[in-house]
Amino acid sequence: MTAYKDLSREELLELKSGLEAQFEEVKAKGLKLDMSRGKPSAEQLNLSMEMMDVLHSGVNLVCEDGVDCRNYGGLDGIAEAKQLLADMMEVPKDNVIIFGNSSLNVMYDTVARSMTHGVLGSTPWCKLDKVKFLCPVPGYDRHFAITEHFGIEMINIPMTPTGPDMDLVEKYVSEDPAVKGIWCVPKYSNPQGITYSDETVYRFANLKPAAEDFRIYWDNAYCVHHLYEDKQDYLIEILSECKKAGNPDMVYKFSSTSKISFPGSGIAALAASEANLNEIREMMKVQTIGHDKVNQLRHVRFFKDVHGIVEHMKKHADIMRPKFEAVLDVLERELGGLEIGSWIKPLGGYFISFDALDGCAKAIVAKAKEAGLVMTGAGATFPYGKDPHDSNIRIAPSYPTPEELAVAADIFVLSVKLVSIDKILESK
């Protein structure tokens, strides 16, 4: 295919005329398609329905160590759930606290505790003139929403094929004591699907922060979310690396079963050093009597162990893989060689990241909406919703049916072509 920038003005106008006719045809169908968030489809949710049968009125709800899950107690989770999530997170069981249904909630609380009470004896952040967080971009909008909510200044760190730009990370962390944290989605990152390289993880573990209360917020949301059995990214375990490097307290590691069992009804976990966990437990004593042990037990009885989770995730992959491949095939077939966009083919996670020509993302998302396709808002993958290049678009293939997805992908590429032609025509 000839790159659009190499076509004459007349050729572009002729091409635009044909594409507009196609677009009006699609628009006339009055479609309502949603590719805005990484929600599992009903078919994926059905995979966990038998979980609803493992506990009933005739079942013993007492744990292995004698805890009655119907009653108070067990502040930091039942032993079996700790073991299950510890194995999934590749950490020792004693380094895990089990929370409620949402790891995002745990992250919010972790920042809130730091604001009001400080971290291991340091000055509470609310008493400081300035608190800053590093934000790898493009990244996860809900991470950025938390730090923005607390008035924390966010600093963009560009992502590379091996993870965040570590030269920049090291510079900010070592030189500025106001830098208190960094958001990370280290495996199959949101939205690019990048997994941090060994060297990136080593450099994280060996950071020398100017702030003693600096923490890495390691959100390993997609630790078992592979698309392929024979092609899987591998991520080095951060807690053990930090310990080896003499920085045992520097990381909070988050995970949950939200996209494994039921989003909104899963179980979440935090893994950290003994010192960090002891401090968190002290504050939890005031906050709660303990989280939902019945739900923790339900998960353990359903999955049994980490191998049960692995097998379960293969079923998810069988549903997700064709969807990802369908979108990627359309992108390659319709946009390959046109030089009006680039994308990464991920091996796992929930998203495909698309980079349009500079200054086109907002217009593409708006154009797609005209034809009935709702996408994640352009700019959402950057702090404050401001993409400096207005180029990144997050594609979420999980929720639509395969039939809807085929139509959605066609609307998307049509929108990319039309907006890109207008952009190129401006300069001709």
Inset, instruction - Would you list, by chain and number, the aspartates and glutamates whose Cα falls below 19 Å from the Cα of Lys244, excluding same-chain residues fewer than 8 positions away? - result: Glu90, Asp94, Glu170, Asp198, Glu199, Glu212, Asp213, Glu274
Legend entry - GNM top mover of Phe144, Phe23, Phe351 - the chain, alpha-carbon springs below 10 Å: Phe23
Inset, instruction - Let me know the Rg and Dmax you get for the range 105-246 when you use only its Cα atoms, in Å. - result: 14.9, 51
Legend entry - Additional length obtainable on full extension of the chain from Thr160 to Leu13, 0.36 nm per residue less Cα span: 49.3 nm
Legend entry - Whole-percent carbon and sulfur share, accessible surface of the range 150-235, 1.4 Å: 48 percent
Inset, instruction - State the extension gain, in nm to one decimal, for the chain segment bounded by Val286 and Lys369, taking 0.36 nm per residue of separation less the distance between their alpha-carbons. - result: 25.2 nm
Legend entry - Too-long pairs where the Cα-Cα distance tops 29 Å, listed order kept, from Lys5/Lys362; Lys285/Lys386; Lys82/Lys208; Lys231/Lys253: Lys285/Lys386; Lys82/Lys208
Inset, instruction - Name the residue, out of His226, His307, His143, whose mean-square fluctuation peaks in a Gaussian network model built on the chain with Cα pairs under 10 Å. - result: His307
Legend entry - Selected from Leu45, Leu15, Leu414 as most flexible by GNM, with the chain as the system and alpha-carbon contacts under 10 Å: Leu15
Inset, instruction - Beyond 28 Å between alpha-carbons counts as too far, so tell me which of Lys187/Lys367; Lys130/Lys345; Lys93/Lys259 fall in that bin. - result: Lys187/Lys367; Lys130/Lys345
Inset, instruction - Find the centroid of the Cα atoms in the range 281-299 and in the range 91-158, then give the distance between the two in whole Å. - result: 20 Å
Legend entry - Extension gain (nm, one decimal) between Ser57 and Arg321, 0.36 nm per residue minus Cα-Cα: 91.2 nm
Legend entry - Kirkwood Rh, angstrom, the chain [1 / mean 1/r, Cα pairs]: 23.0 Å
Inset, instruction - Whole number in Å², please: accessible area per residue of the range 341-428, 1.4 Å probe, ligands, DNA and RNA not counted. - result: 36 Å²
Legend entry - Cβ-derived FRET efficiency at R0 56 Å, Leu425 paired with Leu75, nearest 0.05: 0.35
Legend entry - Solvent-accessible area per residue for the range 1-140 (1.4 angstrom probe, square angstrom): 53 Å²
Legend entry - Helix-only CD estimate at 222 nm, as mean residue ellipticity for the chain, using -39500 (n - 2.57) per DSSP H run (n ≥ 4): -13000 deg cm²/dmol
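The values are calculated or read from the model by the stated rules, or taken from the named source; none is laboratory data. All figures in this text were calculated on a predicted structure; none of them were measured in a lab. Note that each Cβ is placed from the backbone with ideal geometry, even for glycine, and that neighbours are counted across all protein chains shown. All accessible areas refer to the heavy atoms of the entire protein, side chains included, with ligands and DNA or RNA removed. Shrake-Rupley method; radii C 1.70, N 1.55, O 1.52, S 1.80 Å.
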